[in-house]
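Written below as structure tokens is the structure these notes are about.
Just so it is clear, none of the values below were taken in a lab; they were calculated from the coordinates. From a predicted model like this one, the values you see are computed outputs, not experimental measurements. Virtual Cβ from ideal backbone geometry, glycine too; neighbours counted across all protein chains shown.
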Amino acid sequence: MRQDLESLKRRLPLLDYLRRQNWRARPVGARAEYVGLCPLHPETHPSFYVNAAKNLFYCHGCGQGGDLLRFVQLARNLSFPKTVAHLKQLLGAPEPSPEDALQEAIDFYRQQLEQHPEAMDYLHRRGVQDPRLIQQLSIGYAPGGRLRRHLSERGYPADLLIQAGLIHQGKDAFYRRIVFPCWEEGRPINLYGRSLDGAPPHRFLARPKGGLFAWSLAGHHANVILVEGLFDLAVLWQAGFRNTSCAFGIHLTETQLAQLSERPGRTVWLAFDSDPA
Ligand SMILES: [Zn+2]
């Protein structure tokens with residue numbers, strides 16, 4: 001994150017930004033310093049200084065000072081994430097999409113898994129032990145209460161996080177959950193979260209789940225094993241049954257049924273639990 005911001009400030013120096021906004025200044029002394037009228041408060045005598053070498057400003061009139069991000073926040077009255085988004089847009093970077101936010105969340109949750117032994121213990125107790133499989137499935141851990149801030153610091157505006165389903169009623173959607181990402185053609189489309197404790201055990205983000213899990217891999221096989229849950233799938237994959245897919249429950253959607261029947265002569269083995277769920 002810090003590197004992101006440093007690179008942003010390098011690519012768009014404060015002085016360039018101000019000149020784009022028609023700030024007029026004259027050099028002061030021999031150093032890379034400039035002075036002009038303050039864009040942040042009304043004045044008739046210039047008291048706004050920019051040190052181009054340090055990439056910082058200071059106004060002796062209103063007492064404000066800082067870097068490019070601080071200036072944009074004050075001048076445009078933007079939140080920090082919106083400031084970052086605004087600057088990235090100026091530099092021609094594409095606007096982040098909800099899928100970008102999901103991908104960032106997946107990366108964050110993967111890091112968290114390594115830092116939370118209780119989550120790793122839970123995975124082990126459920127029979128998921130192979131580190132390569134954990135990596136391949138991008139399994140992570142949502143401790144709760146940290147994702148929103150993490151993504152805000154990376155410039156994701158709150159409305160985008162709500163749209164992605166990652167934030168619900170102002171909070172992280174997932175608390176103390178093992179997280180399995182669901183993919184469609186290599187793009188994340190949803191996250192499944194399994195609670196470590198008393199909360200409702202199974203939860204997805206409020207967005208489409210797509211078709212059968214990892215169908216681009218499992219669907220190549222003539223015989224397919226279909227399971228209810230992602231832990232069942234992980235355990236079977238770990239045992240070498242890569243022809244296993246998951247329907248996220250026992251009620252198949254039309255898309256999932258179409259996927260299963262797209263290949264004539266395919267055998268589908270249902271390995272559903274006998275419990276009523
Ligand atoms: Zn000022």
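The HN-Hα couplings worked out from phi for region 114-122 by the Karplus form 6.51 cos²θ - 1.76 cosθ + 1.60 (θ = phi - 60°) are 5, 9, 10, x, 5, 6, 5, 4, 4 Hz, whole numbers, x standing for Gly and Pro.
Normalising by the residue count of the chain, find the relative contact order in percent from Cα pairs under 8 Å and 6+ residues apart.
For the chain, the relative contact order is 11 percent.
3J(HN,Hα) along region 5-19: 5, 4, 5, 4, 6, 6, 6, 10, x, 3, 5, 4, 4, 5, 5 Hz, from the Karplus curve 6.51 cos²θ - 1.76 cosθ + 1.60 with θ = phi - 60°, whole Hz, x for Gly and Pro. In sequence order, region 157-163 has phi-based couplings of x, 4, 5, 5, 5, 5, 4 Hz under the Karplus curve 6.51 cos²θ - 1.76 cosθ + 1.60, θ = phi - 60°, and Gly or Pro positions carry x.
For PHE174, PHE80, PHE231, the sequence from fewest to most other C-beta atoms within 10 Å is PHE80, PHE231, PHE174.
Please work out the Cα center distance from region 67-118 to region 182-236, rounded to the nearest Å. Cα centroid of region 67-118 versus Cα centroid of region 182-236: 27 Å apart. The H on the amide N of CYS246, modeled in the peptide plane, is under 5 Å from the matching H of PHE213, VAL227, each at least 5 residues off or on a different chain. Computed across the chain, the Kirkwood hydrodynamic radius from all distinct Cα-Cα pairs reaches 21.9 Å. Applying a DSSP loop filter and a limit of 16 other Cβ atoms within 10 Å to the trypsin sites (Lys or Arg not before Pro) in region 18-86 leaves ARG24, ARG31, LYS54.
Close amide H partners of TYR141, meaning residues 5 or more places away or on another chain with modelled amide H under 5 Å apart, are ARG110, GLN112, LEU113, VAL179. Between VAL224 and THR267, VAL268, TRP269, the built amide H atoms are under 5 Å apart, and every one of these is 5 or more places off in sequence or on another chain.
Restricting attention to the chain, close to 80% of DSSP beta bridges with both partner residues there are antiparallel.
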